[in-house]
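Reading through the structure tokens given below for one structure.
The values are calculated or read from the model by the stated rules, or taken from the named source; none is laboratory data. Since this is a predicted model, take the numbers as computed values, not measurements. When we count neighbours, we look across all protein chains shown, and the Cβ atoms used for this are built from the backbone with ideal geometry, even at glycine. In case anyone asks, the SASA skips ligands and DNA or RNA and just uses the protein heavy atoms, side chains included. Shrake-Rupley method; radii C 1.70, N 1.55, O 1.52, S 1.80 Å.
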Amino acid sequence: QVQLVESGGGLVQAGSSLRLNCVASGRTSSAYAMAWFRQAPGKEREFVAGISWNGGTTYSAESVKGRFTISRAYAQNTVYLQMNKLNTEDTAVYYCAAVPGGWAPQRETEYPYWGQGTQVTVSS
């Protein structure tokens, strides 16, 4: 079992930056790929960014490419999502997810472990 706890969300103005953190605990000795998803009000949860187990490969959704960066501190069992140039469409609950293995898929159904989510609200 792996437990994930997100932090770093909040209320910010458009154009601002935030960094989300996700700390993993439990069976972290195994290799896990990690990802961030988000769910806006009235919408389905969507993939935001993923990172391989060793941090060597990352992938971002087109909607955030060039603005959001995913990274991980493997020794600290922590994954980050640096979000720059936030706009109102980025308002959502952001979730951290983990899957055993090397690469982070984009389909949420492939992730067995999820955090509780952290709210990000961007005002205009």
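Restriction of the GluC sites (Glu not before Pro) in segment 48-124 to DSSP coil positions whose beta-carbon has at most 10 other beta-carbons within 10 angstrom yields E62. Taking 4 °C and 1.567 mPa s as conditions, segment 14-75 diffuses translationally at an estimated 98 µm²/s according to Stokes-Einstein applied to its Kirkwood radius (Cα pairs). The charge dipole of segment 1-117, taken about its Cα centre with unit charges on the Cβ atoms of Lys, Arg (+1), Asp and Glu (-1) only, comes to about 200 debye.
Expressed as a whole percent, the accessible surface of the chain that belongs to carbon and sulfur atoms is 47, based on a 1.4 Å probe. Any chance you could check the Cα centroid distance between segment 66-110 and segment 4-20 for me, in angstrom? One Cα centre to the other: 12 Å.
Solvent-accessible surface (1.4 Å probe) assigned to R19 amounts to roughly 120 Å².
The value of relative contact order for segment 38-103, using C-alpha pairs under 8 Å at least six residues apart, is 34 percent.
In the context of the full set of protein chains, residues of the chain present 51 Å² of accessible surface per residue (probe radius 1.4 Å, heavy atoms only).
Translational diffusion coefficient of the chain at 4 °C, 1.567 mPa s, Stokes-Einstein with Kirkwood Rh over Cα pairs, in µm²/s as a whole number. The Stokes-Einstein estimate is 91 µm²/s. For the chain, the relative contact order comes to 36 percent (Cα pairs under 8 Å, sequence separation of at least 6).
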